[in-house]
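Remarks on the structure that follows.
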Amino acid sequence: DGAVRMFQPGSETASATASPLGDGAHLEVAAHVATSGHYLLAASSSGGWVTLDTTAGLRSVSASAAAARKKGDAIPCITSHPDGLLFATASSRDDSVCIYDIKAGKAVTTLAEGADGGTVSMSFCENGYFFAAGGVH
C-alpha cells in the first residue's frame, strides 16, 4: 500500500503510519531509523526518498521527488550516519551513493563508486569514520 509504519517496543500494532511518497503507487523498498531515533528514512522503487520526524507522528521533514531521478532508478537502500546529521542513498541504475544533510535534505556529496552492479547494502561504522557499500555483479 506504499505506507511506512513505525512500531514501538512491545507493540504489535503500528503507532504511526504515513504514505510519504504518494497514495500507494510507489513501493517502499527501504526504511531506516536514524541513530538518534528522531528520523525515519524511507526510499522507494520509483527513486524518491523522504525523512520523517518520529517525534511528530511521522511528519515529513524533507523529500526528493522521484521525477528528479532517471527513469528506472530505484533506491534499494538508505542509511544514516551515527551523528544523526547525514544519510546516504544508493542508486540501482549506476554505482553512485549520495550523502545528504538529514534536516535540509540537500546533497552534501556524491560518491561516484558505490558497488559494482548497483549498491544493495551500505553502512557507516559505529564512529562514522568509515563507510562500506556492497552490491551484486
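Things worth noting here:
- Amide H contacts under 5 Å for VAL108: ILE99, TYR100, ASP101, restricted to partners 5 or more places along the chain or on a different chain, H placed in the peptide plane at 1.01 Å from N.
- SER11-ASN127 FRET efficiency (beta carbon distance; Förster radius 30 Å; 0.05 resolution): 0.40
- For ALA30, residues with placed amide H under 5 Å, excluding near neighbours: ALA43
- Solvent-accessible area of ARG5, all protein chains in place: 100 Å² (probe radius 1.4 Å, heavy atoms, ligands and nucleic acids excluded).
- ASP73, ASP95, ASP83, ranked by accessible area, largest first (probe 1.4 Å): ASP83, ASP95, ASP73
- For SER96, residues with placed amide H under 5 Å, excluding near neighbours: SER91, GLY114
The values are calculated or read from the model by the stated rules, or taken from the named source; none is laboratory data. Just so it is clear, the structure is predicted and the values come from calculations on it, not from any experiment. Positions of Cβ are generated from backbone atoms using ideal geometry, with glycine treated the same way; all protein chains shown enter the neighbour counts. Only protein heavy atoms, including side chains, enter the accessible area calculation; ligands, DNA and RNA are left aside. Shrake-Rupley method; radii C 1.70, N 1.55, O 1.52, S 1.80 Å.
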